[in-house]
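This report concerns only the one structure given below.
Every read-out reported here was derived from the displayed coordinates using simple, explicitly stated rules and does not represent laboratory data. For clarity, every value in this text was computed on a predicted model and none was experimentally measured. Positions of Cβ are backbone-derived with ideal geometry, glycine not excepted, and every protein chain shown enters the neighbour counts.
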Amino acid sequence: MMVLMLSLLMLQLQSFQRLAMISLIMPLGLIGVVLALLMVQKPLGFVAILGVLALLGMIAKNGVILISQIEDERQKGATVEQAAVNAALSRFRPLMLTTLSTVLGLAPIAPTVFWGPMAFAVMGGLLVATVLTLILLPVLYVAWFSWRGEGGTAPAPVG
């Protein structure tokens with residue numbers, strides 16, 4: 001399943017570097033998962049692990065959206081730094097609103113005995129990962145493409 005997931009991400013991103021960036025930010029959700037489960041004193045059991053698996057997909061989706069926005073900004077002629085800042089600012093509201101709607105949607109099942117650990121795992125992980133994605137992914141992108149000397153050039157057109 002990991003190979004299938006990475007293959008689908010590779011098809012969408014069409015770059016090993018961008019795939020590596022997404023792969024690097026996916027574990028960030030575990031910070032929020034652990035913090036949330038510790039705060040509410042719920043176990044990291046099977047149901048919570050199912051929530052972590054769903055969370056990985058949500059984080060990857062957010063990362064792909066942000067990288068696509070950065071690429072669009074670069075296609076318009078922005079430098080790497082300008083594109084990263086503009087993309088993070090323009091995607092902040094949509095990503096935070098979808099994150100908050102997911103968190104609020106899971107709130108009714110959070111107090112339940114069976115689904116509670118999964119809900120808290122997804123809620124905590126998604127909140128932390130979204131904030132860190134909006135900060136860390138643009139920084140990774142700028143660091144990588146500035147280091148490679150592509151600071152002022154637009155990427156090759158996709159397709």
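If we only count helices (runs of 4 or more DSSP H) wholly inside the stretch 1-63, which ones have 2 or more residues that are buried (at least 21 other Cβ atoms within 10 Å of the Cβ)? Quick ask: steps written out before the conclusion?
On the way: elements: 2-13, 16-25, 29-40.
Here the list reads 16-25, 29-40.
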Scan the stretch 118-142 and report the pairs whose first residue is crowded, with 21+ Cβ neighbours inside 10 Å and whose second residue is hydroxyl-bearing (Ser, Thr, Tyr), with Cβ atoms within less than 8 Å and a gap of 6+ or a chain change. 119/112; 122/102; 123/102; 126/99; 126/102; 130/99
Output for the stretch 87-99, where each listed residue is touching a helix residue (DSSP H, G or I) at 6+ places or on another chain (Cβ under 9 Å) and under 19 Å from residue 60 (Cβ atoms): 87, 88, 91, 92, 94, 95, 96, 98, 99
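How many residues, within the stretch 103-115, are out of contact with any helix residue (DSSP H, G or I) (no Cβ under 6 Å at 6 or more places or on another chain) and either surrounded by 18 or more Cβ atoms within 10 Å (Cβ to Cβ) or in a loop (DSSP other than H, G, I, E, B) (or both)? So that I can check it myself, show each step before the final result.
The first filter runs over the stretch 103-115 and keeps only residues out of contact with any helix residue (DSSP H, G or I) (no Cβ under 6 Å at 6 or more places or on another chain), leaving 104-105, 107-108, 111-114.
Now drop any that are not either surrounded by 18 or more Cβ atoms within 10 Å (Cβ to Cβ) or in a loop (DSSP other than H, G, I, E, B) (or both), which leaves 111-114.
Counting residues in the stretch 103-115 that are out of contact with any helix residue (DSSP H, G or I) (no Cβ under 6 Å at 6 or more places or on another chain) and either surrounded by 18 or more Cβ atoms within 10 Å (Cβ to Cβ) or in a loop (DSSP other than H, G, I, E, B) (or both) gives 4.
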